[in-house]
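Notes for the one structure printed next.
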Amino acid sequence: MSADTTIHTAAAQLSPSDGDFVRTAPASHAGADEWQAFIADAVACVREHGIVILQDSIPPAVVAGMLKDFSSTYGNYMQPGQKLYRTFQDDPKRAQIPVAPAGALANPLLFANPAVMRLVHLFMGPNAIIGEMGGVISHPGSQPQYTHRDSGFLFGGLPVELDLPPPSLTITVPLIDVPLERGPTEFWPGSHRDIDPGALEAVQAVAPRRTPLRAGTLLFYDGRLIHRGGPNRSDTIRPIVYIAYQHPWYLERPGYEAKPQVRVTDAMLRQMAPEHRRLFDWALHLNRFDRLDKFLLRWASRLRAHVIDPMQRRRKGPA
């Protein structure tokens, strides 16, 4: 994820009843015909708009448990008034952190949700992995996030790429209700098919779309969709979890010099069902430091990201 430009246009409100993007997945016990109709509709929505919003995909009690665990485990990032450190974010009131599939966050309804996995397998096949898992914590007063794509076009935006499936798919999951004043994700429908090199700037002419979100609603989108986190104009801290599903041969590297894309250990994998382990086990080597050179390289990268680079920016002053 790289910052190309920041946009400050007003966002158009999208009602939750708007049928353009918002869907409700069938119950787990629904019949094959109902699931088939839902998947066909959701796939068409993603292909056209780049996004589908799956309402209430995780039950409230389950989300409440996830929020409790998240707040406990990552509580230092949830405290107001602290200095926040991150590689991707340029707003001191917006933290981005790796999140581990542990405790309540190891619930398959989060990382292997039935509706999500059906869509992932259709777009990517059965061998997709979880290439990134993290959280974004937006504090009161945070500004609109930089406008970006989660993944770029594989071949620089050749027209033929429009006929290819996405290399990466993302879900974001709010752990609390997100009315408009708390800054739900803002997006530009159809921008996943805009191969113009100036697209990130061109979208400034059009207001992004957004919708109030209930906790446990899933935003499922093509990684090439242009989007941003909205400004938090409330007095409430807004935590979300994001997960990126990718082909095994595709890996986002920029920004991960000082932290792994996925936090996972052997102990975490042992707690998972066999069909879920393969989503994460590729990342075990990123979390091991059995060699001194790897350990020193990781900490040297952290030192540069959190100490040396900020010092150099202060010396240079504002651009």
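The values are calculated or read from the model by the stated rules, or taken from the named source; none is laboratory data. A quick note: this is a predicted structure, and the numbers were derived from the prediction, not measured. Quick reminder, even Gly has a Cβ in these numbers, built from the backbone with ideal geometry, and neighbours come from all protein chains shown.
General observations
- Unmet requirement for residue 100, which otherwise passes all of (1) under 25 Å from residue 50 (Cα atoms); (2) buried (at least 19 other Cβ atoms within 10 Å of the Cβ); (3) modelled with pLDDT of 90 or more: (1)
- Of all residues in region 27-58 being exposed (fewer than 15 other Cβ atoms within 10 Å of the Cβ) and of a type in the set (A, V, I, L, M, F, W, C), the one that is nearest to residue 174 (Cα to Cα): 27
- From the options 112, 128, residue that is within 16 Å of residue 241 (Cβ to Cβ) and within 19 Å of the chain's Cα centre (by Cα): 112
- Some residue of region 45-55 being under 18 Å from residue 112 (Cα atoms), in a helix (DSSP H, G or I), among the aliphatic types (A, V, I, L, M) and at pLDDT 95 or above: no
Yes/no per residue for (1) touching a residue at least 12 places away in the same chain (Cβ under 8 Å); (2) more than 24 Å from residue 158 (Cβ to Cβ); (3) of a type outside the set (Val, Ile, Thr):
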{"residue": "191", "(1), (2), (3)": "yes, no, yes"}
{"residue": "195", "(1), (2), (3)": "yes, no, no"}
{"residue": "200", "(1), (2), (3)": "yes, no, yes"}
{"residue": "204", "(1), (2), (3)": "yes, yes, yes"}
{"residue": "212", "(1), (2), (3)": "yes, yes, yes"}
{"residue": "218", "(1), (2), (3)": "yes, yes, yes"}
{"residue": "223", "(1), (2), (3)": "yes, no, yes"}
{"residue": "226", "(1), (2), (3)": "yes, no, no"}
{"residue": "232", "(1), (2), (3)": "yes, yes, yes"}
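- Only residues that are under 22 Å from residue 244 (Cβ atoms), among the basic types (Lys, Arg) and modelled with pLDDT of 70 or more were counted in region 72-97, giving 1.
- Breaking point among (1) touching a Lys or Arg at 6+ places or on another chain (Cβ under 8 Å); (2) at pLDDT 75 or above, for residue 281: (1)
- Selected residue (only one of 58, 97 is assigned to a strand (DSSP E or B) and more than 21 Å from residue 167 (Cα to Cα)): 97
- Residues that are aliphatic (A, V, I, L, M) and at pLDDT below 95, drawn from region 160-179: 160, 162, 164
- Failed item, numbered, when residue 289 is tested on (1) in contact with a helix residue (DSSP H, G or I) (Cβ under 7 Å, 6 or more places away or on another chain); (2) at pLDDT 95 or above: (2)
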